[in-house]
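To keep things clear, I will list the structure first and then write my remarks on it.
What follows draws every value from the coordinates through simple rules; no lab data is involved. Computed from a prediction, not measured in an experiment: that's the story for all the values here. In this analysis, Cβ positions are derived from the backbone assuming ideal geometry, glycine residues included, and neighbour counts consider all displayed protein chains.
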Amino acid sequence: MSCTEQDDAGKFLERFLEEFLNPLGTEDPLPVTPLSRKVTMQEVKGESLDLGLRLLSARNAPSWLGAAMCNAAVTELLKDDLSPHYCPKDPEQQPEDEQEVVLLQSEPLQRLFINKLREVCLAWQKQLPSPGSSSSQTHSCSVHAIRNTRRKMEDRHIILREFNQLLGLQDGVDREYYAVFDGHGGVDAATYVATHLHIILSQQEALKSDAATAFKSTFTQTDDMFKIKAKRERLRSGSTGVAALLTSDRLTVSWLGDSQAVLVRQGEPVTLMDPHKPEREDEKKRIEDLGGCIAFMGCWRVNGTYAVSRAIGDFDQKPYISNEADCSSIQLNGHEDYILLACDGFFDVVRPGDVPELVLEALRETGGSGDDVAQALVAHAKAAGSSDNITVLLVFLKDPQQLLTYETSSRAEPEGATAAATGI
């Protein structure tokens with residue numbers, strides 16, 4: 001750990017303990033609102049980590065420190081007897097003929113979690129742990145999301161550079177996780193998958209040897225978990241999604257529905273996926289073989305309802321709308337420029353093959369700064385006629401300035417060659 005990292009971490013711990021001088025009492029208000037009022041035991045980790053990251057990032061915690069603190073605190077939380085926080089049984093929502101689901105009250109649970117964070121701070125003031133190797137990752141990101149002309153914003157995205165630190169993985173393989181989720185019929189499904197998908201992924205035994213298989217199981221399990229919540233709370237929303245897991249030498253992408261990812265290598269798009277759409281021939285056949293149909297009603301819809309063929313949620317149309325994700329994995333050779341993830345609000349009006357030129361155009365306008373590239377791409381999609389929510393997330397695998405320099409030199413070389421030939 002560098003002296004600067006150690007100094008920044010020490011100052012943050014001091015500030016945090018000044019704010020939380022004493023443990024939260026049973027009547028003290030929470031500084032951050034939990035996502036849910038009630039959670040199952042399976043949901044405790046995801047909901048707690050979400051609240052912890054929001055709490056710490058709002059206070060400008062160093063990202064590695066925030067991830068490590070949240071992991072340490074939730075580990076201690078899950079060792080406790082949480083039965084005092086169980087909700088009273090509701091006979092209407094837990095019929096005798098169904099498996100009983102134990103629910104916990106979020107507010108007292110999250111007070112306990114914040115007190116665990118405080119205990120971690122006290123301990124780490126005496127002995128600060130190492131930030132781990134991921135703190136040296138330099139992949140910069142650009143992300144922008146707009147509601148556009150829609151009444152509500154139903155997209156969600158997540159950036160986890162400290163995947164291992166947050167989730168307690170210690171196998172020596174640095175991992176970063178990025179995802180975009182496009183909700184419909186409400187934001188509940190998109191929020192749920194953004195909160196829990198990476199948690200479930202980290203718990204897959206196959207993750208260390210076969211990330212694609214791990215992703216497929218993860219999407220199915222997340223959908224099964226959301227089904228319990230949706231039935232209990234009478235939710236009818238759904239969400240497509242695309243997620244990317246990045247290591248030093250491999251990119252694994254998994255998707256459900258029509259959100260997409262594009263990898264660009266030396267200025268050229270690399271095909272990673274074929275989005276799930278009702279009109280895709282194999283999707284149409286799958287739906288019809290199940291006894292369903294697709295119908296054109298302004299766009300192609302499954303059984304005349306949703307305009308997606310695979311998604312988390314949408315339980316009134318399962319199994320026609322499938323929860324089975326697809327995956328692709330590609331070896332990285334060091335010549336990759338960036339990965340772009342976006343929802344259909346972007347890709348409905350932008351072809352994947354047009355992405356490299358749009359990114360270069362944005363970089364030219366900013367003089368090589370990658371910070372506002374996503375904003376420029378979102379603006380382009382809106383100007384091209386998209387009225388949907390739009391989310392664009394870029395992960396630069398090279399310095400954006402280097403991409404612009406490479407592009408400039410590539411354009412200059414043919415001109416030089418032509419001039420030389422003319423001289424002859």
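List of remarks:
- Packing order of peptides 193-201, 377-385, 292-300, highest average first: 193-201, 377-385, 292-300 (average count of other Cβ atoms within 10 Å over each peptide's residues).
- Nearest-0.05 FRET efficiency for Glu281 and Lys11, computed from C-beta distance (R0 35 Å): 0.05
- For q = 0.10, 0.14 Å⁻¹, Debye-computed log10 I/I(0) when each Cα of the range 187-291 counts as one equal scatterer: -0.35, -0.68
- Quarter the surface of the alpha carbon convex hull of the range 219-354 and you get the mean projected area, 9.1 square nanometres.
- Here the chain is assigned +1 on the Cβ of each Lys and Arg and -1 on the Cβ of each Asp and Glu. Its dipole about the Cα centre then comes out at about 540 debye.
- Two-site label geometry, Glu233 and Phe296: point separation in nm, points 7 Å out along Cα→Cβ: 3.8 nm
- Projecting label points 7 angstrom from Cα along Cα→Cβ for Ser387 and Glu27 puts them 5.2 nm apart.
- Cα centroids of the range 11-79 and the range 277-334: 37 Å apart.
- By the compact-protein rule of thumb, 2.2 N^0.38 Å, the alpha-carbon radius of gyration of the range 3-131 corresponds to a ratio of 1.18.
- Overall, the ratio between the Cα radius of gyration of the chain and 2.2 N^0.38 Å, rounded to two decimals, is 1.06.
- One compactness figure for the range 104-180 is 1.52, namely its Cα radius of gyration divided by 2.2 N^0.38 Å.
- Each 5 Å bin from 0 upward holds the following percent of the Cα-Cα pairs of the range 304-390: 3, 11, 17, 16, 17, 15, 11, 6, 3, 1.
- Spin-label pair Asp399/Gln266, simplified geometry with 7 Å Cα→Cβ offset, distance in nm: 2.1 nm
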